[in-house]
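Enquirer: Below is the structure I would like to discuss, written out as structure tokens.
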Amino acid sequence: MVQYTQETYLYDPNVLLKLDFHRSPAKFQPFISAASPGESWLQVRPLKDTDYDRGFLQLLSQLTNVGSVTRTQFLTRFSQMKASGDYYVTVIEDTRKGEIIGAASLIIERKFIHNCAVRGRLEDVVVNDTYRGKQLGKLIVVTVSLLAEHLGCYKMSLDCKDKLIKFYETLGYVLIPGNSNSMTIRYDEDTPTLKRNSTSAVTGAAGDAYQTNSQFYNFFSPFCY
């Protein structure tokens with residue numbers, strides 16, 4: 001395993017120790033948390049600037065197209081995210097292998113509405129499927145959901161495939177009647193013209209829809225508050 005003399009966290013890892021997993025409606029059997037993930041070799045923590053070498057991007061490629069991201073690009077984006085203070089990329093590491101096996105991102109949006117409140121968006125949720133049966137998908141989602149509450153978000157939103165609706169409902173997310181459509185404009189590199197479409201989406205506890213992998217999508221959701 002590679003030893004690093006200095007590493008930088010994307011955000012303060014101590015905040016994860018403050019999360020009360022008993023506040024979540026999720027049922028863990030047996031009970032686990034970010035502080036005690038169930039195995040001594042599992043660690044839930046913020047993304048590090050050295051995770052380029054721990055397979056973080058390879059894990060994301062199981063979710064969507066990542067592209068040929070160089071180390072310099074990774075470090076530049078990491079620094080930008082850390083400087084903004086609004087990105088909470090959280091990972092699960094198999095410390096035996098020095099490998100990232102799970103990840104989810106909490107993105108903070110700063111609003112003028114609700115007395116200049118902040119809201120959270122859950123994106124890029126992925127767990128290596130060879131670790132099934134260890135409740136890691138549930139663990140990573142609950143971790144960032146509780147983190148959003150801890151950071152003062154007035155709501156948290158997500159978007160997922162229809163087959164995952166039941167899963168997210170067990171974690172406290174609900175569909176909002178009459179507010180379950182999202183509209184997108186795509187700006188993919190291989191798409192010279194704009195594509196407009198309407199798709200069904202899962203919304204958060206108070207309703208806004210958003211698209212996973214937001215670097216490729218902009219959402220226009222009028223009348224969503």
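Enquirer: Given Lys97/Lys134; Lys27/Lys166; Lys82/Lys134; Lys82/Lys161; Lys18/Lys166; Lys138/Lys161, which pairs have Cα atoms separated by over 19 Å?
Expert: Exceeds cut-off: Lys82/Lys134; Lys82/Lys161; Lys18/Lys166.
Enquirer: A further question follows. Whole number in Å², please: accessible area per residue of the range 13-170, 1.4 Å probe, ligands, DNA and RNA not counted.
Expert: 51 Å²
Enquirer: Follow-up. For Trp41 and Asn14, FRET efficiency with R0 = 25 Å and r from the beta-carbon atoms, rounded to 0.05?
Expert: Efficiency for this residue pair is about 0.75.
Enquirer: In nm, to one decimal, how far is the modelled label at His22 from the one at Ser84, with both set 7 Å along Cα→Cβ?
Expert: That separation, rounded to one decimal, is 3.6 nm.
Enquirer: Using a Förster distance of 41 Å, how high is the FRET efficiency between Tyr154 and Thr72, based on the Cβ-Cβ distance and rounded to 0.05?
Expert: Efficiency, from the Cβ-Cβ distance: 0.65.
Enquirer: May I ask which residue of Ser33, Tyr168, Asn115 lies farthest towards the positive end of the charge dipole of the range 13-170, with charges of +1 (Lys, Arg) and -1 (Asp, Glu) on Cβ and the Cα centre as origin?
Expert: Positive-most Cα among the choices belongs to Asn115.
Enquirer: Mind checking the full-extension length gain between Glu7 and Gln29? Use 0.36 nm per residue of separation minus the Cα-Cα distance, one decimal, nm.
Expert: Between Glu7 and Gln29, full extension yields an extra 4.6 nm.
Enquirer: Which order do the peptides 22-33, 139-150, 158-169 come out in when sorted by mean C-beta neighbours inside 10 angstrom, highest first?
Expert: Per-residue mean Cβ counts within 10 Å order the peptides as 139-150, 158-169, 22-33.
Enquirer: Provide the solvent-accessible area of Thr64, counting protein heavy atoms only and rolling a 1.4 Å probe, rounded to the nearest 10 Å².
Expert: 40 Å²
Enquirer: In whole Å, how far is the Cα centre of the range 128-145 from that of the range 42-108?
Expert: Taking the Cα centre of the range 42-108 as reference, the centre of the range 128-145 is 16 Å away.
Enquirer: Which value in nm describes the separation of the simple spin-label points at Ala117 and Ser61, placed 7 Å from the Cα toward the beta carbon?
Expert: It works out to 4.1 nm between the two label points.
The values are calculated or read from the model by the stated rules, or taken from the named source; none is laboratory data. As the structure is a computational prediction, the values presented were derived from the model and not from experiment. Glycine gets a Cβ as well: all are built from the backbone with ideal geometry, and neighbour counts include every protein chain shown. Heavy atoms of the whole protein, side chains included, go into the accessibility calculation; ligands, DNA and RNA do not. Shrake-Rupley method; radii C 1.70, N 1.55, O 1.52, S 1.80 Å.
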